[in-house]
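First the structure, in the form of structure tokens, and then the observations on it.
The values are calculated or read from the model by the stated rules, or taken from the named source; none is laboratory data. All of these numbers come straight from a predicted model, not from anything done at the bench. Using ideal geometry, Cβ is built from the backbone for each residue, glycine included, and neighbour counts are taken over all protein chains shown. Protein only, heavy atoms only, side chains kept; ligands, DNA and RNA dropped before computing areas. Shrake-Rupley method; radii C 1.70, N 1.55, O 1.52, S 1.80 Å.
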Amino acid sequence: MATYDGMLAESIRIQGHGGQEIDGYLARPLGAGPFPSVVLIHHMPGWDEASKEMARKLAFHGFATISPDLHYRERQTLSPGATSDEASAAVREAGGMSDDVVVGDVEGAMRYLRSLPYTNGKVGVIGFCSGVRQVYLLACRIPSIDAAVDCWGGGVTATADQLTPRQPVAPIDLTKDMNCPLLGIFGDEDARPSPADVAATEAELKRLGKNYEFHLYENAGHGFFAVDRPSYRQQAAVEGWERVFDFYDRHLRTGAGAATGAREQAAVPADNA
């Protein structure tokens with residue numbers, strides 16, 4: 001007899017930064033659990049269909065997942081019905097997502113997940129594109145995060161002229177405070193982060209003895225998980241997701257540690273380029 005397979009996905013409200021209620025999207029496996037959980041940080045295009053689809057993918061694989069709307073305040077300022085693109089444009093014009101607000105909103109999502117009777121208390125974070133700047137920042141500023149996943153994130157390294165009042169620090173400068181294992185998934189044809197940016201981040205993680213593992217895929221650029229974009233690379237995406245689930249299984253289900261300072265160059269056949 002096949003094992004029953006089901007999930008619940010719905011819009012919710014969570015208490016974010018400063019006690020303000022914001023929108024979130026919860027996707028979870030059906031059943032008693034206990035399940036590990038994940039906070040999914042959306043990309044700069046916003047709290048959109050793609051972010052919710054990835055939340056459901058994580059739930060399908062056994063992780064209760066919340067994607068908080070980190071552009072909620074800008075959306076409300078415009079109008080409650082503002083689109084993801086409109087809210088994203090307002091965030092960019094304001095200098096990006098506020099570091100302090102992101103930290104408060106994600107802490108709220110983590111509290112919500114840990115309050116659920118079917119979760120096991122362990123919470124990971126995952127981010128894509130600009131969301132990885134936030135993931136790296138969160139891994140350094142929230143000690144209770146159990147595992148962090150960086151998918152081709154730009155902005156971890158930044159020069160002084162790239163900082164803003166909302167984002168006053170380059171996350172790489174906070175690496176000494178990172179308390180959780182970090183998985184990095186990158187493409188060697190990406191420009192943000194470039195292979196040089198990835199190497200600089202890895203050098204700092206290695207210098208400080210942090211627990212990380214990076215995987216760099218050949219013939220892959222930015223956003224190669226996105227099935228609806230020309231950037232999609234099927235083999236790299238499938239292998240990348242497998243690494244995400246394996247990483248979370250080790251750190252959120254069993255708690256077993258990964259090797260410190262692992263690095264792998266993953267080759268993808270040219271016909272997938």
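Entry remark, region 223-244: residues being at pLDDT 80 or above and open to solvent by less than 10 Å² (accessible area, probe 1.4 Å) number 4 in total. As a summary of the residue check, ALA259 satisfies the conditions (1) modelled with pLDDT under 90; (2) within 30 Å of PRO34 (Cα to Cα); (3) crowded, with 17+ Cβ neighbours inside 10 Å except for the one numbered (3). Here GLY153 does not qualify as open to solvent by less than 10 Å² (accessible area, probe 1.4 Å), at negative phi and touching a His at 6+ places or on another chain (Cβ under 6 Å). Suppose the filter is free of Cβ contacts under 8 Å to residues at least 12 places away in the same chain and either open to solvent by 30 Å² or more (accessible area, probe 1.4 Å) or of a type outside the set (Lys, Arg) (or both); does GLN162 pass it? In short, yes.
Any idea which of GLY104, GLY124, GLY108 is more than 15 Å from ILE22 (Cα to Cα) and either modelled with pLDDT of 90 or more or over 18 Å from the mean Cα position of the chain (by Cα) (or both)? Only one candidate qualifies: GLY124. Candidates are the residues of region 167-222 that are assigned to a helix (DSSP H, G or I) and hydrophobic (A, V, I, L, M, F, W, C); the one that is surrounded by the fewest Cβ atoms within 10 Å (Cβ to Cβ) is ALA196.
Scanning region 132-147 for residues that are without any contact (Cβ under 8 Å) to a residue 60 or more places away in the chain and β-branched (Val, Ile, Thr), we see that the one that is farthest from ASN211 (Cα to Cα) is ILE142. Selection over region 62-83 of residues that are assigned to a loop (DSSP other than H, G, I, E, B) and either of a type in the set (A, V, I, L, M) or surrounded by fewer than 17 Cβ atoms within 10 Å (Cβ to Cβ) (or both) gives a count of 6.
Set side by side, the residues ALA32, ALA50 differ, and just one is open to solvent by 20 Å² or more (accessible area, probe 1.4 Å), part of a helix (DSSP H, G or I), more than 20 Å from ALA147 (Cβ to Cβ) and of a type in the set (Gly, Ala, Ser), which is ALA50. Filtered by the rule that a residue be in contact with an Asp or Glu (Cβ under 9 Å, 6 or more places away or on another chain) and small (Gly, Ala, Ser), region 132-152 gives ALA139, SER144. When SER144 is tested against (1) within 19 Å of LEU252 (Cα to Cα); (2) at pLDDT below 95, only condition (2) is not met. Can you go through GLY131, GLY95 and tell me which one is surrounded by 24 or more Cβ atoms within 10 Å (Cβ to Cβ) and not β-branched (Val, Ile, Thr)? From the options GLY131, GLY95, the qualifying one is GLY131.
Quick one: which residue in LEU40, LEU58 is open to solvent by less than 10 Å² (accessible area, probe 1.4 Å), assigned to a helix (DSSP H, G or I) and out of contact with any Asp or Glu (no Cβ under 9 Å at 6 or more places or on another chain)? Testing whether each residue is open to solvent by less than 10 Å² (accessible area, probe 1.4 Å), assigned to a helix (DSSP H, G or I) and out of contact with any Asp or Glu (no Cβ under 9 Å at 6 or more places or on another chain) leaves just LEU58.
Residue count for region 98-127 satisfying the condition of being over 18 Å from CYS180 (Cβ atoms) and either in contact with a strand residue (DSSP E or B) (Cβ under 7 Å, 6 or more places away or on another chain) or outside any helix (DSSP H, G or I) (or both): 7.
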